[in-house]
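The values are calculated or read from the model by the stated rules, or taken from the named source; none is laboratory data. This one's a predicted model, so the numbers in the text were calculated from it and none came from an experiment. With ideal geometry, Cβ positions are generated from the backbone for all residues, glycine too; neighbour counts draw on all protein chains shown.
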Amino acid sequence: MTQTLTIADLGWSAFYNSQLEIDEIGTVTPARVSSVHRTRIATFTENGPVDLALEAGLSTGEIAVGDWVLCDPDAARMIRRLDRQSTLQRGSDYVHGDRQLIASNVDTLFITTSCNADFNVARLERYLALAHDAEVTPVILLTKADHTDDPDSYITQARALGRNLEVIALDALHGDVSEALGPWIGKGQTVALAGSSGVGKTTLANALTGGHAATQGIREDDARGRHTTTGRSLHRLPTGGWLIDTPGMRGLGVADVAIGIAATFPEISEIEGNCHFRNCKHDGEPGCAVQAAVAADEVDPERLKRFKKLIREDAMATETIAQAHARGRKFGKIVKAATKKKGR
Ligand SMILES: Nc1nc2c(ncn2[C@@H]2O[C@H](COP(=O)(O)OP(=O)(O)OP(=O)(O)O)[C@@H](O)[C@H]2O)c(=O)[nH]1
Ligand SMILES: [Mg+2]
């Protein structure tokens, strides 16, 4: 990147500015994380790209692409991370209750799927829950529109997954992608691309940046890709926005996103309060308002099935996370007590 950028160009706003301590103003440099590595992070600053080492005790696992951090420019060292405006993360490890950071401080999530065997409404709903929970605007991108004679059928199915949900079908190899995605990629806006491997995320990123990041052909038999992109990275767009490309995700676990699930299924969550029992599972209990709405053709029974599955999975994963935190706290106390004893 040769041109100089202002901090506003990088996406800085009053939200981050208000987190600066008085003695930090003018002495530290804000930097936006562009990629995260094992022992260092790459960032963009007003003065160009800077690689930063972390303070002892900090792990790069706690840093997401898109984060704002403060750094000491002379020592090329990160001082601290600023609070995030939004955090996209998925449930990744149920045993340990871990969640994996996908990206942070994004305004829009481009949920990317292709007009072929990858298209799956249940998976799209998982991404929608994640986006809604993070208060990030979801947009469904249907790639490879040139692979089907009937892109409209995909558009109709995707639009049915939300109220006023933006759904865009495109051919990333031949169409004018910047024009189609214009509303979300303007100055200071940040978008993240997410979806299965091989759906064309990097192809879209290249079309938007004018770059040549590696993309790869897909296996014809199952329409799956081969994980060409291996790390998350932040890119500057000629339109003034910022784009985060991510590696394809095989499964998308939900964890601690109950609010996002409710927002993804408003036709169900809005009427649940009318059920006779407060903890109604909509499984045939008397006075169930949701089953009544299914009977009246107001709620799609397939959507209800998928809603219940996500709620169950989310509750289990959330409990595991809570248990893991409790274990962590207990372990911390034991270590503290042992250290104290030793010091005596
Ligand atoms: N015909 C057609 N092919 C496309 C389109 N978009 C992407 N492709 C092709 O699909 C293949 C996979 O594209 P990638 O951009 O590497 O997919 P990806 O989602 O980044 O994959 P991962 O990095 O593995 O997650 C490439 O061969 C692209 O040329 C499209 O709109 N139309
Ligand atoms: Mg890719």
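Does any residue of region 93-115 turn out to be in the same structural domain as THR229 (by TED's automatic domain parsing), small (Gly, Ala, Ser), part of a helix (DSSP H, G or I) and surrounded by fewer than 23 Cβ atoms within 10 Å (Cβ to Cβ)?
Scanning region 93-115, I find no residue that is in the same structural domain as THR229 (by TED's automatic domain parsing), small (Gly, Ala, Ser), part of a helix (DSSP H, G or I) and surrounded by fewer than 23 Cβ atoms within 10 Å (Cβ to Cβ), so the answer is no.
Filtering region 231-273 down to residues that are among the charged types (D, E, K, R) and in contact (Cβ under 8 Å) with a residue 24 or more places away in the chain, which residue is farthest from ligand 1 (Cβ to nearest atom)?
GLU267
Of the numbered conditions (1) closer than 21 Å to ARG306 by Cα; (2) buried (at least 21 other Cβ atoms within 10 Å of the Cβ), LEU141 satisfies every one except a single condition; which is it?
(1)
Considering (1) touching a helix residue (DSSP H, G or I) at 6+ places or on another chain (Cβ under 6 Å); (2) under 30 Å from TRP12 (Cβ atoms); (3) modelled with pLDDT under 95; (4) not acidic (Asp, Glu), say which one PRO247 fails and leave the rest.
With respect to (1) touching a helix residue (DSSP H, G or I) at 6+ places or on another chain (Cβ under 6 Å); (2) under 30 Å from TRP12 (Cβ atoms); (3) modelled with pLDDT under 95; (4) not acidic (Asp, Glu), PRO247 is out only on (1).
Restricting to region 156-170, and then to whatever is over 19 Å from the mean Cα position of the chain (by Cα) and either crowded, with 17+ Cβ neighbours inside 10 Å or not assigned by TED's automatic domain parsing to the domain that holds GLY210 (or both), can you tell me which residue is nearest to ligand 2 (Cβ to nearest atom)?
Restricting to residues being over 19 Å from the mean Cα position of the chain (by Cα) and either crowded, with 17+ Cβ neighbours inside 10 Å or not assigned by TED's automatic domain parsing to the domain that holds GLY210 (or both), the top hit is LEU170.
Taking the conditions exactly as written (acidic (Asp, Glu) and out of contact with any strand residue (DSSP E or B) (no Cβ under 9 Å at 6 or more places or on another chain)), does ASP171 satisfy them or not?
Judged against the criteria, ASP171 is not a match.
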